[in-house]
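Enquirer: Submitted below is the structure of interest, expressed as structure tokens.
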Amino acid sequence: MLELFRNSMASASPGASIIISVSLMLIIGFGATKITKLLKLPNVTAYILVGILIGPFCLDLIPQEIIDGMDFLSDIALAFIAFSTGEFLKFSTLKKSGIRIIVITLFEALTASVLIFILTYFILDLGIAFSIVLSALASATAPASTIMTIRQTGAKGEFVDTLLQVIAIDNLLSILAYSVSISIALSALSLSPGSSNFETIVLPILTNIGVMLLGGFFGFLLKWLMPQKHFEDNRLIIAISVLFAFCGICTLIDVSPLLGCMSMGMIYINFTQDDKLFKQLAYFSPPLLLLFFVRSGLNFNLSALFNSSGSVGSYSLIVIALLYFVVRIVGKYGGAFLGSFLAQKTPKVRNYLGMALIPQAGVAIGLAALCARTLEGTVGNYLQTIILASSILYEIVGPACAKLSLHLSGSYSTNLEELIDIEETNELGEPKSQIQLLIERIGIIQQSLPKHEALLSEEENAFTQAAEEMYESTSYLRRRGFINRR
């Protein structure tokens, strides 16, 4: 049956093969999330595993030429991720966070990177290009699992506030670290007697600065293109077209769009305060991100991970991946502990913050895919394989660690007496009965519950509102006769 399907895909027209392949990726990827939700695992885990399952190393349902032709998905996915990161770079928020949060973030990100670099370069002797890029990727943290756990438990307090501020800045640091490390790696791999330091090191750094400035210009352009009234045009189309145009320019001049898209988002949010656009993009992007993560799984070199042929230096990829998995956890926890200590945070923040920073997926996988294309050859492919393999492990243990850290820090409780604080005596000073206390607590909980119309997520509300405004504008034009009735 599978062989018949493969033969049919091979003999089909390119258009039919692409459509069937995309539908398979979407349907199977979405279906797999039903299983991971039962296991309380993030959707990213399902997408990667589906890609591995239907990829060339397992069922081989997707032709290799289609996998190669979807390379542009990396740029698109990273554009959305980087642009959304810019939302958290509000000048007012950064000023409010203060130096303490920056100190904690620097220590938790850089400690993990430094330990991975020591492991790979000085201990395992894996080469400067491989070591410095892998160490930069180690700084990235996936916030989705932690934020999901916070929402589910209703956790709050100093620990949660610190955690959310740290993970907001963390992705910024990881993107900056990657941009510097990939320039150094390219320099190390391309060094020749005729090359100069300016061409191999200084020029790429200047290029990234230029891309950031260009991204800032596109942020102002996006602000200018956005209509004053929402119903005058489709904001989502404008935002996506500007993002795609910027990515196209970056691809044309062969530079990464990461820093530019992040700069674009930062400029837009600070000069418009329009966070609704980010919510609309967040609701629109899941199918694109699903395809990106499934394609990452399709590129997962399963044979190289477990076969002796897949090795860097004298060590197999599976050994490097496991060591990376363990050492990065040590770095994240130790860096968060030390940073919190220097920032004079409470013992609960200091002791448990690092546990909530363990997950790694979205940004790291996107950067690894970009690295595989930039470095080419075995170095880039092996780096992507290690990140994908470790990300699966991180997404399995990450949510549990995040929930445990929230519990140990006292950020949430399952004890009703701790959740709802009420007066235990009446107006006469007499103690209330346990039944009275229970009824009052239930009443407070009912008052705090959202109304039925508010059960949708902020992203879905923003997207639905934009669709309704667009429909109202077309209805107005139709009534005026500007749109022909059929």
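Enquirer: Given the criteria assigned to a loop (DSSP other than H, G, I, E, B) and either touching a residue at least 24 places away in the same chain (Cβ under 8 Å) or closer than 20 Å to Ile76 by Cβ (or both), does Ser256 qualify?
Expert: Numbers: assigned to a loop (DSSP other than H, G, I, E, B): yes; either touching a residue at least 24 places away in the same chain (Cβ under 8 Å) or closer than 20 Å to Ile76 by Cβ (or both): yes.
Judged against the criteria, Ser256 is a match.
Enquirer: Against the condition without any contact (Cβ under 8 Å) to a residue 40 or more places away in the chain and part of a helix (DSSP H, G or I), how does Phe80 come out, does it pass?
Expert: no
Enquirer: Consider Ser413 carefully, then state whether it is within 40 Å of the chain's Cα centre (by Cα) and at pLDDT 85 or above.
Expert: Here the answer is no, as Ser413 does not meet what is asked.
Enquirer: Cβ-Cβ distance below 6 Å, separation of 6 or more or different chains: which pairs start in region 361-390 with a residue that is without any contact (Cβ under 8 Å) to a residue 12 or more places away in the chain and end on one that is among the polar types (S, T, N, Q)?
Expert: none
Enquirer: Quick check on my filter: what residues within region 381-396 are of a type in the set (Ser, Thr, Tyr) and open to solvent by 10 Å² or more (accessible area, probe 1.4 Å)?
Expert: Selection gives Tyr382 alone.
Enquirer: If you don't mind, there's one more thing I want to ask. Run Ile123 past the list (1) at pLDDT 90 or above; (2) under 19 Å from the mean Cα position of the chain (by Cα) and report the number of the one that doesn't hold.
Expert: So Ile123 meets the others, but not (2).
Enquirer: Limited to region 56-87, what total is found for residues that are within 20 Å of Val242 (Cα to Cα) and either open to solvent by 50 Å² or more (accessible area, probe 1.4 Å) or touching an Asp or Glu at 6+ places or on another chain (Cβ under 6 Å) (or both)?
Expert: Residues meeting the conditions: 1.
Enquirer: I need a count of the residues in region 249-277 that are closer than 16 Å to Leu288 by Cβ and either modelled with pLDDT of 85 or more or open to solvent by 10 Å² or more (accessible area, probe 1.4 Å) (or both).
Expert: 1
Enquirer: Tally up the residues in region 122-137 that are part of a loop (DSSP other than H, G, I, E, B) and open to solvent by 30 Å² or more (accessible area, probe 1.4 Å), please. Give the derivation first.
Expert: Start the filter on region 122-137 by keeping residues that are part of a loop (DSSP other than H, G, I, E, B), which leaves 124-127.
This time we only want the ones that are open to solvent by 30 Å² or more (accessible area, probe 1.4 Å), so: 125.
Residues meeting the conditions: 1.
Enquirer: Go through region 347-380 and report how many residues are outside any helix (DSSP H, G or I) and open to solvent by 40 Å² or more (accessible area, probe 1.4 Å).
Expert: 1
Enquirer: Within the set of pairs 6 or more residues apart or between chains, which connect a residue that is of a type in the set (Ser, Thr, Tyr) inside region 158-187 to a residue that is open to solvent by 20 Å² or more (accessible area, probe 1.4 Å) with Cβ atoms less than 7 Å apart?
Expert: Thr162/Lys345; Ser179/Asn208; Ser179/Ser256; Ser181/Ile132; Ser183/Ile201; Ser183/Pro204; Ser183/Ile205; Ser187/Ile201
Enquirer: Here's something else I'd like to know. Return the residues of region 324-346 that are open to solvent by 60 Å² or more (accessible area, probe 1.4 Å) and modelled with pLDDT of 90 or more; say none if nothing qualifies. Can you show your working first?
Expert: Looking only at region 324-346, we keep the residues that are open to solvent by 60 Å² or more (accessible area, probe 1.4 Å), and these are 326, 330, 333, 337-338, 341-342, 344.
Once the filter is applied, which keeps residues that are open to solvent by 60 Å² or more (accessible area, probe 1.4 Å) and modelled with pLDDT of 90 or more, region 324-346 yields Val326, Val330, Tyr333, Phe337, Leu338, Phe341, Leu342.
The values are calculated or read from the model by the stated rules, or taken from the named source; none is laboratory data. Here the structure is a predicted model, which is why all the values come from computation and not from measurement. As a convention, Cβ positions derive from the backbone with ideal geometry for all residues, glycine included, and neighbour counts pool all protein chains shown. All accessible areas refer to the heavy atoms of the entire protein, side chains included, with ligands and DNA or RNA removed. Shrake-Rupley method; radii C 1.70, N 1.55, O 1.52, S 1.80 Å.
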